[in-house]
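The values are calculated or read from the model by the stated rules, or taken from the named source; none is laboratory data. None of the values given here were measured: they were computed from a predicted structure. Glycine also receives a Cβ, built like all others from the backbone with ideal geometry; neighbour counts cover every protein chain displayed. Keep in mind that these areas ignore ligands, DNA and RNA; they rest on the heavy atoms of the full protein, side chains included. Shrake-Rupley method; radii C 1.70, N 1.55, O 1.52, S 1.80 Å.
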Amino acid sequence: MKKLLLISLITLTTSSFSQNDKAHPFFTGSLSTTFGINQQYKINEEGNGPFIVPKSILLRTGFGYQFNKRWASSINVGYDHHFSYAINSIPAFASLRYNFIRNSSDAYFIETSYGQMFRLSKKFSNGNYYKVGLGMLSISNNRWNGLLRLDFHRKKIAGFKNGNLDSVSIGFGFSFN
């Protein structure tokens, strides 16, 4: 049964790639941040900073394959630093992206990711990493394409509040074909 499934998958993959002239590999990277309310902020006081402040820095890079105009998949690695909790982690994950609107200059997509999150300290354990997001890919005639995204991240961490670190991030990046 496993051999039949593997042969079917290879045949389907080969035939779908050979019939598609838009298929190509790509390299991607992004920088995102989450925002939160400054806990030290007081109305009508000077020197306590802005009301809204960044709460984390999320760096991502990965290699992927654009199967056709609609579907792409990638393998990614990143670095996350959450200022409020002093949490540093390295997520390694696979992503699947679907372009629900695509024209000659832009692609609007939904993307989902799943992987493992590795901790850089002994404060918390390793955990699972989940991500769902929306974005826009600006398609140009050269090989560099701009990227804007809004993502929901969930990091499953045993021993953390409710076992999850949830965040919504906004970011920008690039894709190189």
Just to be sure I understand, how many residues within the range 52-78 are free of Cβ contacts under 8 Å to residues at least 24 places away in the same chain and farther than 14 Å from THR34 by Cα? 3
Of the residues in the range 44-60, how many are under 19 Å from LEU150 (Cα atoms) and either surrounded by fewer than 15 Cβ atoms within 10 Å (Cβ to Cβ) or at pLDDT below 95 (or both)? 5
Anything in the range 139-177 that is of a type in the set (A, V, I, L, M, F, W, C), under 17 Å from LEU58 (Cβ atoms) and assigned to a strand (DSSP E or B)? List them, or say none. LEU147, LEU148, LEU150, PHE152, LEU165, VAL168, ILE170, PHE172, PHE174
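So that you can scan it fast, the table gives a plain yes or no per residue for (1) open to solvent by 70 Å² or more (accessible area, probe 1.4 Å); (2) hydroxyl-bearing (Ser, Thr, Tyr); (3) over 16 Å from the mean Cα position of the chain (by Cα):
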position: ASN128; (1), (2), (3): no, no, no
position: VAL132; (1), (2), (3): yes, no, no
position: MET136; (1), (2), (3): no, no, no
position: LEU147; (1), (2), (3): no, no, no
position: ILE157; (1), (2), (3): no, no, yes
position: GLY163; (1), (2), (3): no, no, yes
position: SER175; (1), (2), (3): no, yes, no
Go over the candidates TYR108, TYR114 one by one and state the one that is open to solvent by 90 Å² or more (accessible area, probe 1.4 Å) and modelled with pLDDT of 95 or more. TYR114
Does the range 99-121 contain at least one residue that is in contact (Cβ under 8 Å) with a residue 40 or more places away in the chain, in contact with a Pro (Cβ under 7 Å, 6 or more places away or on another chain) and of a type in the set (A, V, I, L, M)? yes
If ASN76 satisfies all but one of (1) loosely packed, with under 13 Cβ neighbours inside 10 Å; (2) part of a strand (DSSP E or B); (3) of a type outside the set (Phe, Trp, Tyr), what's the number of the condition it fails? (1)
